[in-house]
Each structure stands twice: as structure tokens, then as C-alpha cells.
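Heads up, the thing below is written out as C-alpha cells.
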Amino acid sequence: MAARPGRVYFLPMNTLLLGDNPRRRLGWSEVGSPAGTPVIHCHGGLSCRLESAFADQICKRHGVRWITADRPGIGASDIQPQRKLMDWAEDMAALADHLQLDRFAVSGWSAGGPYALACGAVLGRRVMRVATLAGMAPLRQGADIRALGMATDRFLFRVSPRSPRLAALGLSAARQAPSRLLRASIARMLANGPDAPFLPATLADQVAASFRESLRPGGLGTALDYGLLAADWGFSPDSIASPVSLWHGCDDTLLPFQHATRLQAMLPSASLQALPGGGHFLPQRCLDDVLDWLVA
């Protein structure tokens with residue numbers, strides 16, 4: 001899966017037609033062991049299925065089949081009008097049926113954390129375990145948005161709920177940025193974060209490729225995604241019957257550690273793995289430990 005800096009990262013893509021009217025395409029990819037323990041992964045914001053490209057060998061070591069689907073209107077998945085955050089769980093149930101998976105674990109990174117929790121809340125005992133990595137808690141007031149470490153996130157969480165098409169225009173413009181400038185901006189962000197010593201040199205290329213692919217159909221799907229995350233999620237996390245583990249870096253500057261403590265207060269039975277010195281890019285830093293827990 002590795003690639004030289006500057007190359008576009010690629011994962012073989014699969015598509016599934018869901019039974020909506022009109023029918024809707026779901027794009028997904030997988031890494032790891034095809035016959036391994038299935039883990040459905042929910043990608044972060046401004047990202048897509050390609051964020052899992054780095055994990056092939058790690059998943060093979062753990063005997064894990066790591067499956068990542070693009071959310072509606074993102075990457076290779078068609079937009080879903082009037083969708084709710086909880087609808088994602090039904091999409092993942094349809095994907096699991098298609099793959100003949102009876103039960104599976106779920107992981108979610110960053111903005112994918114709420115979607116992983118939704119799977120646990122909606123799908124009951126079909127979900128074996130749920131892990132969030134630097135997952136976000138519900139946003140309460142403007143102070144929660146101001147505390148976010150990335151200007152793009154602050155813009156999208158403010159604008160998307162009211163004017164998703166305006167937010168989409170901003171995203172479409174960002175996708176047109178020259179590749180050299182986009183990669184340099186991402187590389188600076190990674191180098192200035194606490195995870196820098198643990199991150200592969202090729203990560204900036206991976207993040208840039210995932211960002212561009214997420215916006216390939218335009219910015220509206222991502223804008224609507226942020227709007228859903230900023231609103232009421234539609235479920236109570238404490239309704240999740242499966243074991244839940246929250247993994248969060250104590251020094252996360254993009255999504256502060258307070259998100260983890262607030263989630264734990266909403267999920268009294270969840271375990272909280274606080275990682276001293278850890279930042280936001282936990283999949284690249286502690287995926288071995290997360291997979292150990294998910295397939296235990």
C-alpha cells in the first residue's frame with residue numbers, strides 16, 4: 001500500500017446499489033485479511049475511504065478485515081436527500097448483508113466517531129464492539145466550535161447548518177488548490193502536531209489524496225455531513241448495548257480532549273483510553289492497540 005511522496009494513493013473500490021428510490025450507490029474499500037474479523041470503519045471529516053490505505057499490513061497482522069465506506073455525497077457514494085445521521089447505520093447493515101457478515105465491530109475516527117456510535121445504537125447486538133479514535137462529542141455552543149484547531153472545521157460547523165450550498169462552494173474552491181500548496185499545508189499541520197514523531201513521511205500525500213477524493217462529486221455531501229454532526233444526532237449514546245472504548249490524545253489540538261471526557265459522561269460504561277502526548281492522528285499511532293481491543 002505504500003507509495004512514494006507525490007503519488008496519488010489508491011485502493012481498489014467496490015460499489016453497492018442500495019434499495020432507495022431512486023437507487024443509490026455506496027462506494028467502499030477494504031484492507032487487511034479478506035477472511036479476517038470484520039471491522040467497519042467510519043472515516044473522518046474532509047476524508048473518505050482512502051484514509052484506510054495505510055493500514056493493510058497492520059490489519060493483516062491482527063487478522064482483521066477493515067472495511068471503509070464513503071458517506072453519502074462523499075467520494076464514490078451518491079448523495080442521500082434528507083438523510084439523518086442515524087441513517088448511516090442502516091447503510092452499514094446493508095453493506096454487511098451484502099458481504100454476508102452476521103456480526104462485526106465498528107471503528108470511527110474524528111468526525112466518524114458519531115457515525116460509529118450510531119451503528120452501535122441502531123444495530124444492537126449485531127455490533128460486537130465500538131471504538132472511537134479522537135471522536136467528537138455533540139457540539140453545544142459556539143465555544144465548542146471556537147475550540148476546534150482547524151479553521152476549515154470552524155467554518156464548516158458554523159456555515160453548513162444554515163447554508164450548506166455556501167459551505168459547498170468554499171469546499172469546491174479548496175479542492176482546486178494546487179497540489180503542491182495543498183500538500184505543503186497538510187505537511188505543516190502534521191509537523192506541528194504532537195504525533196509528528198510517529199507519523200510516516202508519506203502521510204501528507206495520503207491525507208491530500210483522501211481530501212481530494214472526498215470532494216470529487218463536489219462539496220455538498222461534505223457540507224451536509226458537517227451540518228448533521230453540528231445538529232442533534234438523533235440518538236442517545238448510552239443506548240449502545242455493545243462495549244465501547246474511547247481513544248483520545250491528551251494533547252489533541254484539532255479536537256480537544258474535552259470531547260472524550262464529555263462522551264464518557266454520556267457513556268458511563270465506556271472505557272476511556274487517554275493517550276499522554278497523543279494528538280489527533282491516532283489511527284497511525286495506536287491502531288495495533290485499538291484492533292487488539294476490537295477483536296478481543
(request) Report the Stokes-Einstein translational diffusion coefficient (µm² s⁻¹, integer) for the stretch 208-296, Rh taken as the Kirkwood radius over Cα pairs, at 10 °C with viscosity 1.306 mPa s. (result) 104 µm²/s
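Once you have the Cα-Cα distance between R180 and E90, take 0.36 nm times their residue separation minus that, and quote the gain in nm to one decimal.
On the way: separation 90, 0.36 × 90 = 32.40 nm, distance 3.88 nm.
Fully extending the segment from R180 to E90 adds 28.5 nm.
Per residue Cα convex hull volume for the chain, in cubic angstrom? Show your work: numbers first, answer last.
Details: hull volume 34.0 nm³, N = 296.
Per-residue hull volume (Cα only) is 115 Å³.
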(message) Can you show me the helix-derived [θ] at 222 nm for the chain, built from DSSP H runs with n ≥ 4 at -39,500 (n - 2.57) apiece and divided by the number of residues, rounded to the nearest 500.
(response) -11500 deg cm²/dmol
(request) Could you tell me what fraction of 2.2 N^0.38 Å the Cα radius of gyration of the stretch 127-173 comes to, as a two-decimal ratio? (result) 1.42
(request) Please report how far the C-alpha centroid of the stretch 143-209 lies from that of the stretch 52-126, rounded to the nearest whole angstrom. (result) 22 Å
(request) Could you pull the accessible area for D153 with a 1.4 Å probe, rounded to 10 Å²? (result) 20 Å²
(request) Output the Kirkwood hydrodynamic radius of the stretch 154-259, Cα pairs only, in Å rounded to one decimal. (result) 16.1 Å
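Accessible area, 1.4 Å probe, largest first: how do E90, E213 sort?
On the way: E90 105, E213 30 Å².
Order by accessible area, largest first: E90, E213.
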(message) If the only charges are +1 at each Lys and Arg Cβ and -1 at each Asp and Glu Cβ, what is the size of the charge dipole of the chain around the Cα centre, to the nearest 20 debye?
(response) 700 debye
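Would you please report the Å³ per residue occupied by the convex hull of the alpha carbon atoms in the stretch 64-122?
On the way: hull volume 5.6 nm³, N = 59.
Cα convex hull per residue, to the nearest whole number: 95 Å³.
Over the stretch 151-193, what portion of Cα pair distances is larger than 12 Å, expressed as a whole percent?
Numbers: 596 of 903 pairs.
That tail contains 66 percent of the Cα-Cα pairs.
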(request) For the stretch 238-245, just list the computed ³J(HN,Hα) in residue order, Karplus coefficients 6.51, -1.76 and 1.60, θ = phi - 60°, integers in Hz, with x standing in for Gly and Pro. (result) 6, 7, 6, 7, 6, x, 10, 10
(message) For the chain, what does the relative contact order come out to in percent, with C-alpha contacts under 8 Å and a separation of six or more?
(response) 22 percent
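The values are calculated or read from the model by the stated rules, or taken from the named source; none is laboratory data. These numbers were taken from a predicted model, which means no experiment stands behind them. Note that each Cβ is placed from the backbone with ideal geometry, even for glycine, and that neighbours are counted across all protein chains shown. SASA here: full protein model, heavy atoms, side chains in, ligands and nucleic acids out. Shrake-Rupley method; radii C 1.70, N 1.55, O 1.52, S 1.80 Å.
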